[in-house]
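Below is one structure; the comments refer to it alone.
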There are 2 protein chains.
Amino acid sequence: MSSNDTEPDFQLRVPEGDDRERAVCRQCGFVAYENPKIVAGSVVRVGEKILLCRRAIEPRRGFWTIPAGYLELNESPEEAAVREAREEACADIRLGGLLSVYTIHRLSQVQLIYRSVLSGGFAAGDESLEVALFSWSEIPWNDIAFPSVVWALTHDREVVEAGGIMPFANPDGATADLKSFVERNT
Amino acid sequence: MSSNDTEPDFQLRVPEGDDRERAVCRQCGFVAYENPKIVAGSVVRVGEKILLCRRAIEPRRGFWTIPAGYLELNESPEEAAVREAREEACADIRLGGLLSVYTIHRLSQVQLIYRSVLSGGFAAGDESLEVALFSWSEIPWNDIAFPSVVWALTHDREVVEAGGIMPFANPDGATADLKSFVERNT
(Lines give C-alpha, C1' and ligand atoms only; values in the text may rest on other atoms or scores of the structure.)
Protein backbone atom coordinates (compact mmCIF):
# COMPACT_ATOMS: atom_id res chain seq x y z
CA MET A 1 0.00 0.00 0.00
CA SER A 2 1.59 3.27 -1.06
CA SER A 3 0.81 6.81 0.02
CA ASN A 4 -0.27 7.54 -3.56
CA ASP A 5 -3.44 5.49 -3.22
CA THR A 6 -6.43 7.77 -3.66
CA GLU A 7 -9.22 5.23 -3.34
CA PRO A 8 -10.65 4.27 0.03
CA ASP A 9 -10.10 0.63 0.94
CA PHE A 10 -12.87 -0.58 3.21
CA GLN A 11 -12.93 -3.72 5.30
CA LEU A 12 -15.88 -4.95 7.35
CA ARG A 13 -15.06 -5.26 11.05
CA VAL A 14 -16.52 -4.44 14.46
CA PRO A 15 -14.99 -1.18 15.75
CA GLU A 16 -13.99 -0.99 19.40
CA GLY A 17 -17.01 -0.38 21.63
CA ASP A 18 -19.48 -1.26 18.89
CA ASP A 19 -21.55 -4.41 18.44
CA ARG A 20 -21.95 -4.57 14.67
CA GLU A 21 -19.67 -4.82 11.68
CA ARG A 22 -18.95 -1.47 10.04
CA ALA A 23 -16.92 -0.50 7.00
CA VAL A 24 -13.48 0.64 8.23
CA CYS A 25 -10.94 2.09 5.81
CA ARG A 26 -7.66 0.13 5.88
CA GLN A 27 -5.76 3.22 4.80
CA CYS A 28 -6.98 5.88 7.17
CA GLY A 29 -9.03 4.11 9.84
CA PHE A 30 -12.20 6.03 9.04
CA VAL A 31 -15.34 4.23 10.21
CA ALA A 32 -18.06 4.74 7.61
CA TYR A 33 -21.14 4.36 9.76
CA GLU A 34 -23.92 3.82 7.30
CA ASN A 35 -27.26 5.14 8.36
CA PRO A 36 -30.66 4.79 6.80
CA LYS A 37 -31.48 7.74 4.56
CA ILE A 38 -34.52 9.96 4.81
CA VAL A 39 -36.52 10.95 1.76
CA ALA A 40 -39.10 13.71 2.06
CA GLY A 41 -41.68 14.69 -0.50
CA SER A 42 -45.32 15.46 -1.04
CA VAL A 43 -48.39 14.68 -3.08
CA VAL A 44 -49.09 18.09 -4.63
CA ARG A 45 -52.74 18.78 -5.42
CA VAL A 46 -54.51 21.42 -7.44
CA GLY A 47 -58.13 20.59 -6.71
CA GLU A 48 -58.80 17.17 -8.25
CA LYS A 49 -55.51 17.14 -10.10
CA ILE A 50 -52.12 15.93 -8.97
CA LEU A 51 -48.75 17.31 -10.00
CA LEU A 52 -46.20 14.81 -11.28
CA CYS A 53 -42.64 15.22 -12.57
CA ARG A 54 -41.04 13.15 -15.32
CA ARG A 55 -37.52 12.33 -14.16
CA ALA A 56 -34.58 13.72 -16.11
CA ILE A 57 -32.10 11.72 -14.04
CA GLU A 58 -31.38 8.13 -13.18
CA PRO A 59 -32.66 5.98 -11.63
CA ARG A 60 -35.88 5.66 -13.63
CA ARG A 61 -35.20 8.49 -16.07
CA GLY A 62 -38.33 9.21 -18.13
CA PHE A 63 -40.72 7.89 -15.47
CA TRP A 64 -43.14 9.95 -13.39
CA THR A 65 -42.77 10.76 -9.73
CA ILE A 66 -43.93 13.11 -7.01
CA PRO A 67 -41.50 15.86 -5.91
CA ALA A 68 -39.29 14.17 -3.31
CA GLY A 69 -35.64 13.73 -2.43
CA TYR A 70 -33.02 13.19 0.24
CA LEU A 71 -33.00 15.32 3.33
CA GLU A 72 -29.96 17.55 3.65
CA LEU A 73 -28.22 18.18 6.98
CA ASN A 74 -29.96 20.55 9.40
CA GLU A 75 -33.19 20.35 7.46
CA SER A 76 -36.61 19.17 8.58
CA PRO A 77 -38.64 16.79 6.41
CA GLU A 78 -41.18 19.59 5.97
CA GLU A 79 -38.49 21.98 4.71
CA ALA A 80 -37.12 19.30 2.40
CA ALA A 81 -40.56 18.58 0.91
CA VAL A 82 -41.00 22.28 0.12
CA ARG A 83 -37.46 22.54 -1.32
CA GLU A 84 -37.91 19.48 -3.53
CA ALA A 85 -41.15 20.87 -5.02
CA ARG A 86 -39.27 24.07 -5.82
CA GLU A 87 -36.24 22.28 -7.30
CA GLU A 88 -38.03 19.61 -9.33
CA ALA A 89 -41.20 21.45 -10.35
CA CYS A 90 -40.40 25.16 -9.81
CA ALA A 91 -43.47 25.03 -7.60
CA ASP A 92 -44.36 26.79 -4.39
CA ILE A 93 -46.48 24.56 -2.23
CA ARG A 94 -48.52 24.96 0.92
CA LEU A 95 -47.64 21.94 3.02
CA GLY A 96 -50.42 20.00 4.73
CA GLY A 97 -50.18 17.11 7.15
CA LEU A 98 -48.01 14.03 7.09
CA LEU A 99 -49.55 11.41 4.81
CA SER A 100 -47.28 8.44 5.24
CA VAL A 101 -44.06 6.92 6.49
CA TYR A 102 -42.77 4.26 4.12
CA THR A 103 -39.76 2.06 4.73
CA ILE A 104 -37.85 0.66 1.78
CA HIS A 105 -35.82 -1.98 3.63
CA ARG A 106 -33.73 -2.94 0.61
CA LEU A 107 -32.47 0.63 0.26
CA SER A 108 -32.41 1.45 3.99
CA GLN A 109 -34.65 4.34 3.16
CA VAL A 110 -37.42 5.93 5.20
CA GLN A 111 -39.77 8.15 3.25
CA LEU A 112 -41.88 10.87 4.85
CA ILE A 113 -44.60 11.92 2.44
CA TYR A 114 -46.78 14.96 3.12
CA ARG A 115 -49.92 16.29 1.51
CA SER A 116 -49.64 19.68 -0.15
CA VAL A 117 -51.42 22.19 -2.34
CA LEU A 118 -49.86 24.06 -5.23
CA SER A 119 -49.86 27.83 -4.86
CA GLY A 120 -48.95 29.36 -8.21
CA GLY A 121 -47.40 28.00 -11.36
CA PHE A 122 -44.94 25.24 -12.12
CA ALA A 123 -42.32 24.26 -14.68
CA ALA A 124 -39.72 21.57 -15.19
CA GLY A 125 -36.75 21.99 -12.85
CA ASP A 126 -33.25 20.71 -13.62
CA GLU A 127 -34.07 17.16 -12.58
CA SER A 128 -37.34 16.95 -14.53
CA LEU A 129 -38.03 16.47 -18.24
CA GLU A 130 -41.55 17.82 -17.77
CA VAL A 131 -44.07 18.58 -15.07
CA ALA A 132 -47.81 18.15 -15.53
CA LEU A 133 -51.15 17.91 -13.75
CA PHE A 134 -53.19 14.72 -13.92
CA SER A 135 -56.67 13.77 -12.86
CA TRP A 136 -56.89 10.31 -11.25
CA SER A 137 -57.88 8.56 -14.47
CA GLU A 138 -55.12 10.30 -16.43
CA ILE A 139 -52.27 9.23 -14.13
CA PRO A 140 -49.73 7.23 -16.22
CA TRP A 141 -49.77 4.22 -13.89
CA ASN A 142 -47.54 2.13 -16.11
CA ASP A 143 -44.89 4.83 -16.23
CA ILE A 144 -44.58 5.60 -12.53
CA ALA A 145 -40.99 5.67 -11.27
CA PHE A 146 -41.25 3.95 -7.89
CA PRO A 147 -43.71 1.75 -5.98
CA SER A 148 -43.96 4.24 -3.12
CA VAL A 149 -45.22 6.88 -5.57
CA VAL A 150 -48.18 4.62 -6.28
CA TRP A 151 -48.66 4.02 -2.56
CA ALA A 152 -48.63 7.75 -1.86
CA LEU A 153 -51.08 8.58 -4.65
CA THR A 154 -53.39 5.80 -3.46
CA HIS A 155 -53.15 6.86 0.18
CA ASP A 156 -53.72 10.51 -0.70
CA ARG A 157 -56.88 9.50 -2.53
CA GLU A 158 -58.04 7.48 0.49
CA VAL A 159 -57.62 10.56 2.66
CA VAL A 160 -59.58 12.71 0.23
CA GLU A 161 -62.37 10.14 0.14
CA ALA A 162 -62.39 9.73 3.93
CA GLY A 163 -62.34 13.49 4.46
CA GLY A 164 -59.62 13.08 7.07
CA ILE A 165 -56.08 11.98 7.58
CA MET A 166 -54.13 9.25 9.28
CA PRO A 167 -50.50 8.64 8.47
CA PHE A 168 -50.05 5.45 6.50
CA ALA A 169 -47.20 2.97 6.55
CA ASN A 170 -46.30 0.45 3.84
CA PRO A 171 -49.48 -1.18 2.54
CA ASP A 172 -49.91 -4.75 3.82
CA GLY A 173 -47.41 -7.02 2.16
CA ALA A 174 -46.22 -4.30 -0.18
CA THR A 175 -42.76 -4.78 -1.59
CA ALA A 176 -41.03 -3.30 -4.58
CA ASP A 177 -43.32 -5.25 -6.94
CA LEU A 178 -44.78 -2.21 -8.62
CA LYS A 179 -46.76 -3.97 -11.31
CA SER A 180 -48.91 -6.17 -9.09
CA PHE A 181 -49.63 -3.32 -6.69
CA VAL A 182 -50.76 -1.07 -9.52
CA GLU A 183 -52.95 -3.82 -10.93
CA ARG A 184 -54.64 -4.44 -7.60
CA ASN A 185 -55.18 -0.81 -6.63
CA THR A 186 -55.81 1.46 -9.58
CA MET B 1 1.90 12.25 4.39
CA SER B 2 3.13 8.71 4.98
CA SER B 3 1.36 5.44 4.42
CA ASN B 4 1.52 4.85 8.17
CA ASP B 5 -1.11 7.48 8.91
CA THR B 6 -4.11 5.78 10.42
CA GLU B 7 -6.34 8.79 10.99
CA PRO B 8 -8.63 10.11 8.28
CA ASP B 9 -7.81 13.64 7.12
CA PHE B 10 -10.94 15.36 5.90
CA GLN B 11 -11.18 18.55 3.87
CA LEU B 12 -14.40 20.33 2.89
CA ARG B 13 -14.83 20.59 -0.87
CA VAL B 14 -17.50 20.14 -3.55
CA PRO B 15 -17.09 16.71 -5.18
CA GLU B 16 -17.46 16.46 -8.96
CA GLY B 17 -21.11 16.43 -9.98
CA ASP B 18 -22.30 17.66 -6.60
CA ASP B 19 -23.50 21.11 -5.57
CA ARG B 20 -22.56 21.22 -1.90
CA GLU B 21 -19.38 20.97 0.12
CA ARG B 22 -18.74 17.50 1.53
CA ALA B 23 -16.00 16.10 3.71
CA VAL B 24 -13.46 14.42 1.43
CA CYS B 25 -10.52 12.49 2.89
CA ARG B 26 -7.17 13.87 1.66
CA GLN B 27 -5.58 10.47 2.13
CA CYS B 28 -7.95 8.12 0.37
CA GLY B 29 -10.45 10.29 -1.51
CA PHE B 30 -13.45 8.92 0.40
CA VAL B 31 -16.45 11.28 0.32
CA ALA B 32 -18.15 11.18 3.70
CA TYR B 33 -21.68 12.15 2.72
CA GLU B 34 -23.32 13.10 5.95
CA ASN B 35 -26.99 12.43 6.15
CA PRO B 36 -29.54 13.32 8.78
CA LYS B 37 -30.02 10.49 11.24
CA ILE B 38 -33.29 8.84 12.14
CA VAL B 39 -34.23 8.12 15.73
CA ALA B 40 -37.18 5.85 16.44
CA GLY B 41 -38.82 5.26 19.79
CA SER B 42 -42.11 5.09 21.59
CA VAL B 43 -44.09 6.32 24.55
CA VAL B 44 -44.79 3.05 26.36
CA ARG B 45 -47.97 2.97 28.41
CA VAL B 46 -49.34 0.62 31.00
CA GLY B 47 -52.79 2.07 31.56
CA GLU B 48 -52.28 5.49 33.13
CA LYS B 49 -48.59 4.91 33.70
CA ILE B 50 -45.67 5.56 31.41
CA LEU B 51 -42.44 3.60 31.23
CA LEU B 52 -39.21 5.60 31.45
CA CYS B 53 -35.56 4.53 31.42
CA ARG B 54 -32.77 6.21 33.37
CA ARG B 55 -29.81 6.45 31.01
CA ALA B 56 -26.64 4.51 31.87
CA ILE B 57 -24.75 6.11 28.99
CA GLU B 58 -23.77 9.57 27.80
CA PRO B 59 -25.14 11.94 26.73
CA ARG B 60 -27.33 12.74 29.72
CA ARG B 61 -26.34 9.77 31.85
CA GLY B 62 -28.61 9.54 34.89
CA PHE B 63 -31.52 11.33 33.22
CA TRP B 64 -34.82 9.78 32.20
CA THR B 65 -35.91 9.03 28.66
CA ILE B 66 -38.34 6.99 26.61
CA PRO B 67 -36.95 3.92 24.82
CA ALA B 68 -35.54 5.27 21.55
CA GLY B 69 -32.42 5.10 19.44
CA TYR B 70 -30.86 5.26 16.00
CA LEU B 71 -32.30 3.25 13.17
CA GLU B 72 -29.99 0.55 11.87
CA LEU B 73 -29.66 -0.27 8.16
CA ASN B 74 -32.52 -2.21 6.58
CA GLU B 75 -34.77 -1.54 9.54
CA SER B 76 -38.11 0.24 9.64
CA PRO B 77 -38.81 2.86 12.32
CA GLU B 78 -41.48 0.54 13.71
CA GLU B 79 -38.97 -2.32 14.02
CA ALA B 80 -36.43 0.02 15.61
CA ALA B 81 -38.95 1.26 18.19
CA VAL B 82 -39.72 -2.32 19.21
CA ARG B 83 -36.00 -3.22 19.32
CA GLU B 84 -35.11 -0.20 21.45
CA ALA B 85 -37.81 -1.06 24.01
CA ARG B 86 -36.35 -4.55 24.22
CA GLU B 87 -32.73 -3.35 24.48
CA GLU B 88 -33.20 -0.49 26.90
CA ALA B 89 -36.07 -1.77 29.04
CA CYS B 90 -36.16 -5.55 28.36
CA ALA B 91 -39.74 -4.82 27.39
CA ASP B 92 -41.99 -6.33 24.76
CA ILE B 93 -44.33 -3.69 23.41
CA ARG B 94 -47.37 -3.64 21.18
CA LEU B 95 -46.78 -0.76 18.81
CA GLY B 96 -49.60 1.67 18.12
CA GLY B 97 -49.75 4.55 15.68
CA LEU B 98 -47.20 7.21 14.88
CA LEU B 99 -47.37 9.98 17.47
CA SER B 100 -44.91 12.55 16.17
CA VAL B 101 -42.14 13.52 13.82
CA TYR B 102 -39.65 15.84 15.50
CA THR B 103 -36.72 17.51 13.80
CA ILE B 104 -33.70 18.47 15.85
CA HIS B 105 -32.02 20.77 13.33
CA ARG B 106 -28.87 21.27 15.39
CA LEU B 107 -28.20 17.53 15.39
CA SER B 108 -29.59 16.82 11.91
CA GLN B 109 -31.86 14.34 13.56
CA VAL B 110 -35.40 13.32 12.67
CA GLN B 111 -37.26 11.48 15.40
CA LEU B 112 -40.22 9.20 14.72
CA ILE B 113 -42.07 8.55 17.96
CA TYR B 114 -44.83 5.96 18.20
CA ARG B 115 -47.38 5.14 20.84
CA SER B 116 -47.13 1.71 22.41
CA VAL B 117 -48.43 -0.52 25.15
CA LEU B 118 -46.30 -2.73 27.37
CA SER B 119 -47.06 -6.43 27.15
CA GLY B 120 -45.31 -8.18 30.01
CA GLY B 121 -42.54 -7.19 32.37
CA PHE B 122 -39.56 -4.92 32.14
CA ALA B 123 -36.07 -4.48 33.57
CA ALA B 124 -33.03 -2.28 33.06
CA GLY B 125 -31.19 -3.15 29.83
CA ASP B 126 -27.48 -2.51 29.29
CA GLU B 127 -28.00 1.15 28.48
CA SER B 128 -30.28 1.85 31.45
CA LEU B 129 -29.55 2.34 35.16
CA GLU B 130 -33.16 1.63 36.01
CA VAL B 131 -36.57 1.40 34.37
CA ALA B 132 -39.78 2.43 36.11
CA LEU B 133 -43.43 3.29 35.61
CA PHE B 134 -44.71 6.78 36.39
CA SER B 135 -48.13 8.35 36.59
CA TRP B 136 -48.29 11.84 35.03
CA SER B 137 -47.77 13.62 38.35
CA GLU B 138 -44.85 11.38 39.27
CA ILE B 139 -42.85 12.04 36.09
CA PRO B 140 -39.43 13.48 37.07
CA TRP B 141 -39.77 16.56 34.83
CA ASN B 142 -36.57 18.14 36.04
CA ASP B 143 -34.56 15.03 35.29
CA ILE B 144 -35.71 14.33 31.75
CA ALA B 145 -32.86 13.68 29.32
CA PHE B 146 -33.99 15.53 26.18
CA PRO B 147 -36.56 18.18 25.20
CA SER B 148 -38.21 15.85 22.69
CA VAL B 149 -38.97 13.39 25.50
CA VAL B 150 -41.06 16.12 27.15
CA TRP B 151 -42.70 16.90 23.82
CA ALA B 152 -43.57 13.23 23.26
CA LEU B 153 -44.96 12.76 26.76
CA THR B 154 -47.03 15.93 26.36
CA HIS B 155 -48.28 14.95 22.92
CA ASP B 156 -49.12 11.43 24.05
CA ARG B 157 -51.20 12.91 26.85
CA GLU B 158 -53.00 15.19 24.36
CA VAL B 159 -53.89 12.14 22.29
CA VAL B 160 -55.22 10.28 25.31
CA GLU B 161 -57.31 13.29 26.29
CA ALA B 162 -58.58 13.82 22.75
CA GLY B 163 -59.36 10.11 22.35
CA GLY B 164 -57.70 10.12 18.93
CA ILE B 165 -54.43 10.61 17.20
CA MET B 166 -52.78 13.02 14.83
CA PRO B 167 -49.05 12.97 14.29
CA PHE B 168 -47.40 15.98 15.87
CA ALA B 169 -44.37 17.94 14.74
CA ASN B 170 -42.16 20.18 16.87
CA PRO B 171 -44.35 22.29 19.15
CA ASP B 172 -44.60 25.90 17.96
CA GLY B 173 -41.33 27.66 18.55
CA ALA B 174 -39.89 24.73 20.45
CA THR B 175 -36.12 24.58 20.54
CA ALA B 176 -33.72 22.78 22.80
CA ASP B 177 -34.69 25.01 25.71
CA LEU B 178 -35.96 22.20 27.89
CA LYS B 179 -36.54 24.20 31.04
CA SER B 180 -38.94 26.78 29.65
CA PHE B 181 -40.92 24.17 27.73
CA VAL B 182 -41.33 22.05 30.86
CA GLU B 183 -42.41 25.08 32.86
CA ARG B 184 -45.04 26.07 30.31
CA ASN B 185 -46.49 22.62 29.72
CA THR B 186 -46.38 20.39 32.76
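The values are calculated or read from the model by the stated rules, or taken from the named source; none is laboratory data. Remember, it's a predicted structure, so these values are computed and weren't measured experimentally. Note that each Cβ is placed from the backbone with ideal geometry, even for glycine, and that neighbours are counted across all protein chains shown. Note: areas computed on protein heavy atoms with side chains; ligands, DNA, RNA excluded. Shrake-Rupley method; radii C 1.70, N 1.55, O 1.52, S 1.80 Å.
Couple of notes before you dig in:
- Summing Lys and Arg as +1 and Asp and Glu as -1 over all other residues whose Cβ lies under 15 Å from the Cβ of residue A:99 gives a net charge of -1.
- Just checking the listed ones, B:12, B:73, B:107: in the Gaussian network model of chain B with Cα springs under 10 Å, the one fluctuating most is B:12.
- Neighbour net charge for residue B:63 - beta-carbon separation under 9 angstrom, K R +1, D E -1: +3
- Rounded to 5, the percent of DSSP beta bridges in the range A:37-185 classed as antiparallel: 65
- Per residue of peptide A:33-44, the mean number of Cβ atoms on other chains within 10 Å of the residue Cβ is 4.
- Around the Cα centre of the protein assembly as shown, unit charges on the Cβ atoms of Lys, Arg, Asp and Glu (plus for the first two, minus for the last two) sum to a dipole of about 600 debye.
- Per atom type, the protein assembly as shown shows carbon and sulfur on 47% of its accessible surface, probed at 1.4 Å.
- Between copies, residue B:142 shows label-point distances of 6.9 nm, shortest first, with the point placed 7 angstrom from Cα along Cα to C-beta.
- Bins of 10 Å, starting at 0 and running to the largest distance - Cα pair percent for chain B: 9, 32, 30, 15, 11, 3, 0
- Take every Cα pair under 8 Å whose residues are at least 6 apart in sequence, average their separation, divide by the length of the range B:8-72, and the relative contact order is 23 percent.
- The modelled label-to-label distance between residue B:109 and residue B:22, using points 7 Å beyond Cα along the C-beta direction, is 2.5 nm.
- Cα convex hull, the range A:18-124: 147 Å³ per residue, rounded to a whole number.
- Summing Lys and Arg as +1 and Asp and Glu as -1 over all other residues whose Cβ lies under 15 Å from the Cβ of residue A:125 gives a net charge of -3.
- For residue A:124, the label point sits 7 Å beyond Cα toward Cβ; its separations from the matching points on the remaining copies run 6.3 nm, from shortest to longest.
- Chains A and B together bury some 3500 Å² of accessible area, summed over both sides, with a 1.4 Å probe.
- Candidates B:54, B:45, B:22, ranked by Gaussian network fluctuation over chain B, Cα under 10 Å, top entry: B:22
- Between residue B:72 and residue A:86, the simple label model (points 7 Å from Cα in the Cβ direction) yields a spacing of 3.9 nm.
- Chain B, relative contact order in percent, only Cα pairs under 8 angstrom and at least six apart counted: 21
- Peptide A:71-81 shows a mean partner chain C-beta count of 5 within 10 Å per residue C-beta.
- Computed over chain A with a Gaussian network model linking Cα atoms closer than 10 Å, the most mobile of A:143, A:156, A:92 is A:143.
- Using just its DSSP H runs of length 4 or more, each adding -39500 (n - 2.57), the protein assembly as shown gives a mean residue ellipticity at 222 nm of -6000 deg cm²/dmol after division by all residues.
- A point 7 Å from Cα along Cα→Cβ stands in for residue A:60, and the other copies hold the same point at 3.7 nm, listed in rising order.
- Extent along principal axes [Cα atoms of the protein assembly as shown; Å; largest to smallest]: 65, 56, 39
- FRET efficiency estimate (nearest 0.05) - Cβ-Cβ, residue A:119 to residue B:33, R0 45 angstrom: 0.90
- Dipole of the range B:1-157, positive end: most advanced residue of B:97, B:147, B:137 [Cβ charges, Cα centre]: B:137
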